[in-house]
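Colleague: Here you go, one structure.
The values are calculated or read from the model by the stated rules, or taken from the named source; none is laboratory data. This structure is a prediction, so every number in the text was calculated from the model and none was measured. Every residue, glycine among them, receives a Cβ derived from its backbone with ideal geometry; neighbour counts consider all protein chains shown.
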Amino acid sequence: MNDDHTEVRIRFLGSGDNFGSGGRFQTCIHVDAGKSRFLIDCGASSLIPMKRENIRSDEIDLILISHLHGDHFGGIPFFILDAQLISRRETPLVIAGPPGLTRRVREAMEVFYPGSSGVERNFGIEYVEMIEDETRRVGDLAVLPVPVIHGSGAPAYALRIECAGKVIAYSGDTEWTDALRQVADGADLFICESYGFDKQMKNHLNYRTLMAHRSELRCKRLMITHLGEASLERAGEIELEVAADGMEVVL
């Protein structure tokens, strides 16, 4: 891996849910690991906070996608067109995610901008469809995709990402599953969704359930994200670190 002394800077460009609760942008996390700069998820609104933070689309080497819902991958068509028409990208772009990623991105591009998926560009796009429970080298990263519980028409993953001597764990969207213990184990930072506060719901975690399992998550640091209205309304009762748009964490 890279130099263990490299700082890894994580910026939450979007920390919101699919409905933009609290006026937050949809999920998009920017990671600067020195030699590698990448996004974890790229929700439909992602270009807006990228522009606000002066992050150019041609400065991103890789986009990692946890699952194929629009608030997690729907920004990719806009990202690709911005790279082509605005930043004039010339270097290859890698997009990695679950099986079905390639087809879904191309279909999304055709829905939004017919004919755009087949346009010749000055940069190549490599799609990497990751196999569950198999560590995949993607550029300077080692990524372990672990299946979680979230219906999205394709496998949904939590991701364990090794970069620059650090480990970033990310739940994606999921109900509680023992797989989260594996993903979070020893991680320098575990970013975990907490859509609800105390109501049990299909496909998502809530804060009370997460706290009931907190001792099982042997990560060095835990932050929650993807908060819905109920969680935001009771934010004063939350004892964990809560991600917010624009927040930066340095590992």
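Colleague: Return the residues of the range 6-25 that are in a loop (DSSP other than H, G, I, E, B), closer than 18 Å to R234 by Cα and of a type outside the set (F, W, Y); say none if nothing qualifies. Quick ask: steps written out before the conclusion?
Modeller: From the range 6-25, those in a loop (DSSP other than H, G, I, E, B) are 6-8, 15-20, 24-25; that's our starting set.
Checking the rest, the ones that are also closer than 18 Å to R234 by Cα come to 15-17, 19-20, 24.
Within the range 6-25, S15, G16, D17, G20, R24 qualify.
Colleague: Enumerate the pairs (first residue in the range 204-221 and in a loop (DSSP other than H, G, I, E, B); second residue anywhere and surrounded by 21 or more Cβ atoms within 10 Å (Cβ to Cβ) and of a type in the set (F, W, Y)) with beta-carbon separation below 8 Å, excluding pairs fewer than 6 apart on the same chain, so at least 6 apart or on different chains.
Modeller: Filtered contacts from the range 204-221: L205/Y195; L217/F190; C219/F190; R221/F190.
Colleague: Of the residues that sit in the range 62-103 and are surrounded by fewer than 20 Cβ atoms within 10 Å (Cβ to Cβ) and touching a residue at least 40 places away in the same chain (Cβ under 8 Å), which one is nearest to A156 (Cα to Cα)?
Modeller: Applying the filter and picking the extreme gives P99.
Colleague: Let me ask something additional. For residues in the range 222-236 being in a helix (DSSP H, G or I) and touching a strand residue (DSSP E or B) at 6+ places or on another chain (Cβ under 8 Å), which is surrounded by the most Cβ atoms within 10 Å (Cβ to Cβ)? Can you show your working first?
Modeller: At the first step, the residues of the range 222-236 found to be in a helix (DSSP H, G or I) are 229-233, 235-236.
From what is left, the residues that are touching a strand residue (DSSP E or B) at 6+ places or on another chain (Cβ under 8 Å) are 230-231, 235.
On the way: A230: 16, S231: 25, A235: 12.
Going through the qualifying residues, I end up with S231.
Colleague: Starting from residues that are surrounded by fewer than 24 Cβ atoms within 10 Å (Cβ to Cβ) and touching a residue at least 12 places away in the same chain (Cβ under 8 Å), keep the ones in the range 41-51 and report whichever is nearest to E229 (Cα to Cα). Even if it seems obvious, please write down each step before you answer.
Modeller: As a first pass, look at the range 41-51 and keep what is surrounded by fewer than 24 Cβ atoms within 10 Å (Cβ to Cβ): 45, 47-49, 51.
Imposing the further condition that a residue be touching a residue at least 12 places away in the same chain (Cβ under 8 Å) reduces the set to 45, 47-49.
Working: S45: 18, L47: 23, I48: 22, P49: 21 Å.
Checking each candidate, the answer is S45.
Colleague: Further, regarding this structure: Using the structure shown, decide if R106 is modelled with pLDDT of 95 or more and either in a loop (DSSP other than H, G, I, E, B) or in contact with a Cys (Cβ under 9 Å, 6 or more places away or on another chain) (or both). So that I can check it myself, show each step before the final result.
Modeller: Details: modelled with pLDDT of 95 or more: yes; either in a loop (DSSP other than H, G, I, E, B) or in contact with a Cys (Cβ under 9 Å, 6 or more places away or on another chain) (or both): no.
Taking the combined requirement at face value, the residue does not satisfy it.
Each row is one residue, and each column tells you yes or no for (1) modelled with pLDDT under 95; (2) in contact with an Asp or Glu (Cβ under 7 Å, 6 or more places away or on another chain); (3) crowded, with 21+ Cβ neighbours inside 10 Å; (4) within 19 Å of S66 (Cα to Cα).
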residue: P147; (1), (2), (3), (4): no, yes, no, yes
residue: E175; (1), (2), (3), (4): no, no, no, yes
residue: G186; (1), (2), (3), (4): no, no, no, no
residue: I191; (1), (2), (3), (4): no, no, yes, yes
residue: S194; (1), (2), (3), (4): no, no, yes, yes
residue: K199; (1), (2), (3), (4): yes, no, no, no
residue: K220; (1), (2), (3), (4): no, yes, no, no
residue: I238; (1), (2), (3), (4): no, no, no, no
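Colleague: Still on this model: Would you mind telling me which numbered condition in (1) under 23 Å from S45 (Cα atoms); (2) out of contact with any Cys (no Cβ under 9 Å at 6 or more places or on another chain) L205 fails?
Modeller: Condition not satisfied by L205: (2).
Colleague: So, R181, is that one surrounded by fewer than 21 Cβ atoms within 10 Å (Cβ to Cβ), of a type in the set (K, R) and farther than 23 Å from M130 by Cβ or not?
Modeller: Taking the combined requirement at face value, the residue does not satisfy it.
Colleague: In the range 188-198, is there at least one residue being more than 16 Å from S21 (Cβ to Cβ), free of Cβ contacts under 8 Å to residues at least 60 places away in the same chain and aliphatic (A, V, I, L, M)?
Modeller: Checked the range 188-198: no residue is more than 16 Å from S21 (Cβ to Cβ), free of Cβ contacts under 8 Å to residues at least 60 places away in the same chain and aliphatic (A, V, I, L, M).
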